[in-house]
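The values are calculated or read from the model by the stated rules, or taken from the named source; none is laboratory data. Nothing here was measured: the structure is a model prediction, and the numbers come from that model. Here the Cβ positions follow ideal geometry from the backbone for every residue, glycine too, while neighbour counts run over all protein chains shown. Each accessible area value is taken on the protein alone, full model and side chains, heavy atoms only, with ligands, DNA and RNA left out. Shrake-Rupley method; radii C 1.70, N 1.55, O 1.52, S 1.80 Å.
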Amino acid sequence: MTAPVLCCDLDGVVWLGTTPIPGSAEAIARLRTAGHRVVFVTNNSSSTRADYATKLANVGVPTDPLDIVSSATAAAHWIACNVDLDAPVLVHAGPGVAEALRERGCTRLVDAAAARASDRYAAVVCGWHRSFDFERLAAAADALHGGAVFVATNVDPTYPDVDRRLPGNGALVAAVATAAGRAPDVIAGKPHASMAAVVHDVVGSTGIMIGDRPSTDGDFAAALGWPFALVLSGVGGPNGEEPVPDPAPAFVETDLASLAERWLA
Ligand SMILES: [Mg+2]
């Protein structure tokens, strides 16, 4: 029997912010040696696949960029299926979203920093980025007041850092939604349908989802019909933002190193 594909979240599993979680790189190497393909599935849409591959290599996890799926990929999948590829799309997001949209054939991307209030857009894609500011927020609201479809890459409330919780894309989307007077029409990333479609394309029909956030990674595993392996190295855990669900997931371990230890024993 072949070893199942492991779909592994990044923030809170492989690293916290820019700091690698101890033992995770070695665990991934051991799981690969044991025959598991490891595909990274993150709701963080900010970076390009090449940047994620470089960041992974820098923490000791060399990875084919095609084995990295982000909520940018999922948002671009939804746009490609539902919006004219030659229609203007406002990008209120990082480079990962622009790259994913270009890869899917979108030809008229406008960065929110360069938008004009009089422009009309078919869609606004909101993803996490550190250059979020008042002018970009106003540009996204203008486009939504003008009738654009509102696509959120994801609505994670936070991202775990080493000693703090950073505002996640849910916080940025909430600001846009408030200014526009509209909730997102579509949420693309985990645990939603566009991400599931992309992961099924990349991985196939069977696998195991590993993540630190039950409300996204756990619900995503359920949507895929896969087992969920919860690691407590990110936002979850007894004292974390999200408790361990009851009933507990198929696997619960302190971190990826412990999970690999258990599976490879
Ligand atoms: Mg995470």
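Suppose the filter is in contact (Cβ under 8 Å) with a residue 60 or more places away in the chain, among the charged types (D, E, K, R) and buried (at least 21 other Cβ atoms within 10 Å of the Cβ); does Arg165 pass it? It is false that Arg165 is in contact (Cβ under 8 Å) with a residue 60 or more places away in the chain, among the charged types (D, E, K, R) and buried (at least 21 other Cβ atoms within 10 Å of the Cβ). Once the stretch 233-251 is narrowed to residues that are part of a loop (DSSP other than H, G, I, E, B), touching a strand residue (DSSP E or B) at 6+ places or on another chain (Cβ under 7 Å) and open to solvent by 10 Å² or more (accessible area, probe 1.4 Å), the residue that is nearest to the ligand (Cβ to nearest atom) is Gly234.
Of the residues making up the stretch 171-220, those that are within 13 Å of the ligand (Cβ to nearest atom), in a helix (DSSP H, G or I) and closer than 21 Å to His36 by Cα are Asp217, Gly218, Phe220. Of all residues in the stretch 54-75, exactly one satisfies the criterion of being free of Cβ contacts under 8 Å to residues at least 40 places away in the same chain, among the hydrophobic types (A, V, I, L, M, F, W, C) and touching a Leu at 6+ places or on another chain (Cβ under 9 Å), namely Ile68. In this structure, is Leu230 of a type outside the set (Phe, Trp, Tyr), crowded, with 24+ Cβ neighbours inside 10 Å and either away from the ligand (no atom under 16 Å from the Cβ) or under 17 Å from the mean Cα position of the chain (by Cα) (or both)? Considered against the rule, which asks whether it is of a type outside the set (Phe, Trp, Tyr), crowded, with 24+ Cβ neighbours inside 10 Å and either away from the ligand (no atom under 16 Å from the Cβ) or under 17 Å from the mean Cα position of the chain (by Cα) (or both), Leu230 comes out as yes.
Among residues that are under 20 Å from His36 (Cα atoms), open to solvent by less than 20 Å² (accessible area, probe 1.4 Å) and either away from the ligand (no atom under 16 Å from the Cβ) or among the acidic types (Asp, Glu) (or both), Ala260 is included. Quick check: is even one residue across the stretch 117-129 in a helix (DSSP H, G or I) and surrounded by 21 or more Cβ atoms within 10 Å (Cβ to Cβ)? Within the stretch 117-129, not a single residue is in a helix (DSSP H, G or I) and surrounded by 21 or more Cβ atoms within 10 Å (Cβ to Cβ).
Within the bounds of the stretch 148-158, is there any residue that is loosely packed, with under 15 Cβ neighbours inside 10 Å and over 21 Å from Ser233 (Cα atoms)? No: the stretch 148-158 contains no residue that is loosely packed, with under 15 Cβ neighbours inside 10 Å and over 21 Å from Ser233 (Cα atoms).
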